[in-house]
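The values are calculated or read from the model by the stated rules, or taken from the named source; none is laboratory data. Just so we're clear, the structure is a prediction, and the values are computed from it rather than from any experiment. Reconstructed Cβ throughout: ideal geometry from the backbone, glycine too, with neighbour counts over all protein chains shown.
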Amino acid sequence: MKTSLIYFSQTGNTRKVARALGEAFDGAGHELKSLSLKKARPDDAVSADLIGVGTPCFSSRAPKPVLDFLAGLPSLEGRKAVVFATSGGGPGSVLYDMTRVLREKGADVAGGLLIRGECFHPFPAILGRFPGRPDQGDLEETRSFALKVSEHLSAGRAGPVPRSRPDALHSGNGFYDFVAKVNTDDGIRRLVAGPVVEPDKCNECRWCQYICPVNNISMEPYPVIGDACLRCFRCYTGCPKKAFSLDMRVGNLLTHMFYNTLFERYLGDVKPGEKFY
C-alpha cells in the first residue's frame, strides 16, 4: 500500500509522531513517503492509497497552513486517510478540522490519533506543560495505532479503525470545541500582540523568514512581520539571536482564562492521573 505521511511540525513533537507512524507502516510493508508540509506537493497525497496528515494544535484547532494545503488538493476519491495531532492544551476540534476538509475532497477518513506534546508556546500560563512528551509510551501508542490502521485496511474492513479517537470522525460540542470556533485568526490578531523585532540584536540571518509557516516575514533589511501572522510565535521562541520581543500581558491573561489547569482537567482531554508538569 502506498502511504504518504504529511506533517506540520515546528518544535519537533509532531515530527516524532510522524516518524513513529512511519516506522510502523514501513515495518508492515507499506511503500512509505514521509515529508514535512513545507516540502509536500499535491501529488504526494494524490499518488498514495493511504494519506496521513499531522499537525500541532493551535488554539484548540488545526492551523491555517495545514487546512490551506488540504483545501488546495484535487479530488481524493478512492483514498483512505488518517489524521494525527500533538497537543499541549485542550485539543478541541484539531482532528476533525482536518477530517472535514479531507472528506470534502472525497477521502475516506478511517480514524485519528492524539498525542501529548510538550508545550513550547511562550506564554507563562502554559509554557512547559507535559514535559518530555511525546515520550516512549506515547510513541509506542503511536506505533500500535499505525499497526491497527494497517491491519484494518488490509482486511478491507469498513468503519473506523479500532482505538481511533471519536473526535477525529465527528464534530464535537465540548468547551474546547467552542473555544476553537471563537479563536479565529483575525480575532487572535486583534487581541494578542505579535512579536516585535529588535534591530540591534538581529544579524539578518533570515531564519525567521524561512521558518514562518505562512511566509509572512519579509527582510527590509530587518524582519518585517506582515498582516497574516498566526501568533504561533515560532520566530520569537526560535530566533538564534533572540532578536524579537513580545508583550505577553493580554495574551497570557486570556490563555490563563481559557487554558488554566482546572478547566483543562475537567473540560479538556486530560486522562485520569495525567500530570501537566
Going through the stretch 133-142 in order, the residues found to be within 18 Å of the chain's Cα centre (by Cα) and under 12 Å from Glu23 (Cα atoms) are Leu139, Thr142
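Report yes if Phe123 is of a type in the set (A, V, I, L, M, F, W, C) and assigned to a loop (DSSP other than H, G, I, E, B), otherwise no. Even if it seems obvious, please write down each step before you answer.
Values: of a type in the set (A, V, I, L, M, F, W, C): yes; assigned to a loop (DSSP other than H, G, I, E, B): yes.
Yes; evaluated as a whole, the condition is true for this residue.
Would you pick out the residues in the stretch 219-267 that are among the small types (Gly, Ala, Ser) and crowded, with 18+ Cβ neighbours inside 10 Å?
Quick first cut of the stretch 219-267, residues among the small types (Gly, Ala, Ser) only: 226, 228, 238, 243, 245, 251.
Scanning the stretch 219-267 gives Ala243, Gly251.
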Restricting attention to the stretch 95-109, the residues that are within 17 Å of Pro166 (Cβ to Cβ) and part of a helix (DSSP H, G or I) number exactly 8
Taking first residues from the stretch 168-197 that are modelled with pLDDT under 95 and in a loop (DSSP other than H, G, I, E, B) and second residues anywhere that are among the β-branched types (Val, Ile, Thr) and surrounded by fewer than 17 Cβ atoms within 10 Å (Cβ to Cβ), the pairs with Cβ under 8 Å that are 6 or more apart or on different chains are none
Sole miss for Pro213 among (1) part of a loop (DSSP other than H, G, I, E, B); (2) touching a strand residue (DSSP E or B) at 6+ places or on another chain (Cβ under 8 Å); (3) of a type outside the set (A, V, I, L, M); (4) on the phi < 0 side of the Ramachandran plot is condition (2)
Scanning the stretch 198-227 for residues that are touching a residue at least 40 places away in the same chain (Cβ under 8 Å) and aliphatic (A, V, I, L, M), the one farthest from Val66 (Cα to Cα) turns out to be Ile211
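Go through the stretch 1-82 and tell me which helices (runs of 4 or more DSSP H), entirely inside it, have 1 or more residues that are touching a Gly at 6+ places or on another chain (Cβ under 8 Å) and either among the aliphatic types (A, V, I, L, M) or modelled with pLDDT under 95 (or both). Working first, answer last.
Working: elements: 13-27, 42-46, 64-71.
Those helices (runs of 4 or more DSSP H) span 13-27.
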Every listed condition ((1) surrounded by 13 or more Cβ atoms within 10 Å (Cβ to Cβ); (2) free of Cβ contacts under 8 Å to residues at least 40 places away in the same chain) holds for Gln136 save (1)
The lone condition His121 fails out of (1) crowded, with 21+ Cβ neighbours inside 10 Å; (2) of a type outside the set (Val, Ile, Thr); (3) touching a helix residue (DSSP H, G or I) at 6+ places or on another chain (Cβ under 7 Å) is (3)
